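Just so you know, all these numbers are worked out from the coordinates, no wet-lab data involved. Keep in mind it's a predicted model, so treat the numbers as computed, not measured. FYI the Cβ positions are ideal-geometry reconstructions off the backbone, even for glycines, and counts take in every protein chain you see.
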Amino acid sequence: MNAKPNHGASVRDSAGLVVGMLRSHLMPGAQERTIRQVVAGARFCAVILDDGGTGVANLCPDVCGEPSRQASDWLPRRGTAAADVLATLGSTAQSALGLATANALANRPDNWGGPRDAAVVVGDLLDVLELRPDDHVGMVGCFSPLVEPVRQRVKRLSIFERRGHLTPDLLPENRAAELLPECSVALITATTLVNGTIDALLGAAANCREVVLLGPSTPLVPEVFAKSPQRASLLSGVVVADAAGLLRVVARGGGTRDFKSSMAKVNVRVNVTGAGLPEA
C-alpha cells in the first residue's frame, strides 16, 4: 500500500464534486507524507502523519461500520503512503480515515499561531457567526451545545438528524434537502463528507446567507470551497494541539466534548473571490 497510484479525475467522479476537489487539492502534499499512527474508537478515528500532522474524523458507524471491532488490518499500517489513505475519502468503509488524513494535512497549528488574516478566528462558532432575530436556521446533524444558544437568538431552528426521537424541531435527515431552501442560515456537519451527502446539502442551501460546515471533522481548506459551485461561507473546525491526548480520548470512545483539552476551535471565512488564505 506504499506505492503512489494515480488518483485522477475518475476518483472525483465517483466521490462527488466537493470530495473530489478536496482530495485533488491535498494530494500533492499527501504524496510527500506517510502514516505514523492511526487510532479508531467507537465514535472517531485519528491519524498522525510522519511529520506530526494530526487529524480527526467522525466514523459515522452507520456508513463506515465499526472498525474498532474489526480486524486490525482494516487500519493502515505505519509507513503507509498518506496519499493512499486520502484516496479512500469518498469510499464507504474507510472514508472517515480518508477525511482524518485530509485534516492531518490541512489543519495545522502553525497555520493559526499568529495574526494572518481577519478571515481566521480562533474560538467558538457563535462568537463569529451573525444570527438575526428573523433567521430560520437549518442544522444538519444535532450539535447539542449549540441548540439552545442558537434557538434563543433566532426565529426558528430546524434540526435534521439521522437518529433520535423526532419532535417539531428534530426532523428526519431526508427532509433537509426539502427544507434548507427555506432557511437563511445552514449549519451542516462535516460528516456529510463521509456519508456522501455534502454536494446535495450545499446545493439545497445555495440561497442561505450563511452556510457553515462544522465539527471536528471539518477540513480547513477555504481554497477548495471558494472554487466549488456548492457554496460554503464559513468552515468551523479544529486544530489538534495535543496529539497524544487526542488519541487517548479517541481510543476510549470519547467524543467532541472530550476533545477540549487536545485541540483549538478555528473558524475560517471562505473568500468567494478564490483567494483563500494568504501565504505566510
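Return the long-range amide H neighbours of Phe160 (sequence gap of 5 or more, or a different chain), with a cut-off of under 5 Å between placed amide H atoms.
Met139, Val140, Gly141, Leu171
Among rounded, prolate and oblate, which fits the stretch 117-246 when a ≥ b ≥ c are the square roots of the eigenvalues of its C-alpha gyration tensor, a/c under 1.5 means rounded, and a/b larger than b/c means prolate? Please report the intermediate quantities before stating the final value.
On the way: a/c = 1.35, a/b = 1.30, b/c = 1.03.
It comes out rounded by the Cα gyration axes.
With r as the distance between the Cβ atoms of Arg248 and Leu170 and R0 = 25 Å, compute the FRET efficiency 1/(1 + (r/R0)^6) and round to 0.05.
Details: r = 32 Å, r/R0 = 1.29.
Working from the Cβ atoms, E equals 0.20.
Take peptides 20-33, 121-134 and line them up by average Cβ neighbours within 10 Å, highest first, as a rough protection proxy.
Numbers: 20-33: 18.9, 121-134: 13.9.
So the order, starting with the most tightly packed, is 20-33, 121-134.
Which residues' amide hydrogens lie under 5 Å from the amide hydrogen of Gln37, considering only partners 5 or more residues apart or on another chain, with H built in the peptide plane?
Excluding prolines and chain starts, which carry no amide H, the hits are Ile48.
Please list 81-91, 151-161 highest first by mean number of surrounding beta-carbon atoms within 10 Å per residue. Let's see the in-between values first.
Numbers: 81-91: 23.2, 151-161: 17.6.
The densest-packed peptide leads the list: 81-91, 151-161.
Pull up all non-local amide H partners of Ala206: gap of 5 or more, or a different chain, and H-to-H distance under 5 Å with H placed in the peptide plane.
Distant-sequence amide H within range of Ala206: zero hits.
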